Amino acid sequence: MGAFITKSSIPIIWLDTLAVIEVYKAMKGKTEDPRIKRLYDIVQEKVSQGKLICPLGEQEEEIEEEVSEVIKRFINLSLGISFLSNNEIKESQLIKAIKSHGKSKDIEITYIDAFREDPVTNLKNNKGFIFSVVIEPTQLEIVTRKAVKQKNIEELQSVKDKFYEN
């Protein structure tokens, strides 16, 4: 028994949170890096031509300032297409693995498993109208995220230190 992955007929690019923030800064004139503007222009062109899918992930959870403004700018690239949450994707993969346990057939993991609906169909049927809700994090949420991030960094460093000690 094994697993195989079914890919999308249209390439899918996920932009890391840092890239999303840098695109926002470039659009606001806060950075001079020409590569960022070029990245945005190329992705926007390919998405508008139906040759690329650029879905929104959970980037808003990592953005600490001007969340709605940053995401609003990014929505143009995503055309409102978004991934399921990381937890939902992991859960669906786990369910597939559990259901196939003890069976002799391969597990199929498809790109559609990461979305509520097929993004290829959504891209082709896009009518140019996007409805999105972005909730600005409270100061407490931002402080909590930073603390969790710092704790994760410290834990990772501890694991690395222990690894290299042996």
³J(HN,Hα) computed for each position of the range 37-49 - Karplus, 6.51 cos²θ - 1.76 cosθ + 1.60, integer Hz, glycine/proline x: 4, 5, 4, 4, 4, 5, 4, 4, 4, 5, 5, 5, 7
Environment charge at Arg35 (Cβ cut-off 11 Å; Lys +1, Arg +1, Asp -1, Glu -1): -2
Estimated distance in nm for a label pair at Thr31 and Ser9, the labels positioned 7 Å out from Cα along Cα-to-Cβ: 3.5 nm
Computed lengthening from Ile112 to Lys151, 0.36 nm per intervening residue step minus Cα-Cα distance: 10.7 nm
Whole-number accessible area per residue in Å² for the range 1-60, which is evaluated in the context of all protein chains at 1.4 Å: 61 Å²
For Gln44, net neighbour charge (Lys/Arg +1, Asp/Glu -1) across residues whose Cβ lies under 13 Å away: +3
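The values are calculated or read from the model by the stated rules, or taken from the named source; none is laboratory data. Predicted model, so just to flag it, every value in this text is computed and none were measured. Heads up, the Cβs are rebuilt from the backbone with ideal geometry, glycines too, and the neighbour counts pull from every protein chain shown. The area values use the complete protein model at the heavy-atom level, side chains included, leaving out ligands, DNA and RNA. Shrake-Rupley method; radii C 1.70, N 1.55, O 1.52, S 1.80 Å.
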